[in-house]
Amino acid sequence: MKALGILLKHAKNSDWRKTLASVKEDLEKGTDFSGALSKHAELFDKVYAGIVKAGEDSGTLGASLERLAEFHEKRIEIIG
């Protein structure tokens, strides 16, 4: 929750800021992280939300998020 607050505070794009605020609000209401992300399919597709859900269910959310971050970084390197 703290990390989302920090991201929200520093987000420059208003659409991204709205998405982060919505995810944070859902989490505060008790929605699981994957559920909160899946409400924003334009940014977090089914595969992304599914990996987060698998991490939640298996107790390996941190590792799942690290893998997603690595994938995203490699994608940026390739696509530019």
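The values are calculated or read from the model by the stated rules, or taken from the named source; none is laboratory data. Everything numeric in this text was worked out from a predicted model, so none of it was measured. A quick note on method: Cβ atoms are made from the backbone with ideal geometry, for glycine too, and the neighbour counts reach across all protein chains shown. Heads up: the accessible areas ignore ligands, DNA and RNA and are worked out on the full protein's heavy atoms, side chains in. Shrake-Rupley method; radii C 1.70, N 1.55, O 1.52, S 1.80 Å.
Working from Cα pairs under 8 Å separated by at least six residues, relative contact order for the chain is 16 percent. For the chain, a simple Cβ point-charge model (Lys and Arg +1, Asp and Glu -1, everything else neutral) yields a dipole of about 280 debye relative to the Cα centre.
Residues in the chain average 73 Å² of solvent-accessible surface per residue, probe 1.4 Å, ligands and nucleic acids excluded. Could you give the length gained by full extension between L65 and L7, i.e. 0.36 nm per residue of separation minus their alpha carbon distance, to one decimal place? Full extension from L65 to L7 adds 19.3 nm.
Backbone phi angles across segment 55-65, fed through the Karplus curve with coefficients 6.51, -1.76 and 1.60 (θ = phi - 60°), yield HN-Hα couplings of x, 4, 5, 9, x, 10, 4, x, 5, 5, 5 Hz in residue order; Gly and Pro are listed as x.
Suppose only helical runs count, i.e. DSSP H with n ≥ 4. What mean residue ellipticity at 222 nm does that imply for the chain under -39500 (n - 2.57) per run, divided by all residues and rounded to the nearest 500 deg cm²/dmol?
Calculated from helices alone, the mean residue ellipticity at 222 nm is -24500 deg cm²/dmol.
Of L65, L43, the residue with the largest accessible area leads and the full order is L43, L65 (1.4 Å probe). Ligands, DNA and RNA left out, the accessible area of the chain computed with a 1.4 Å probe is 58% carbon and sulfur. Extending 7 Å from Cα along the Cβ direction at E56 and again at H72 yields two label points whose distance is 1.7 nm. Normalised by 2.2 N^0.38 Å, where N is the number of residues, the alpha-carbon radius of gyration of the chain equals 1.11.
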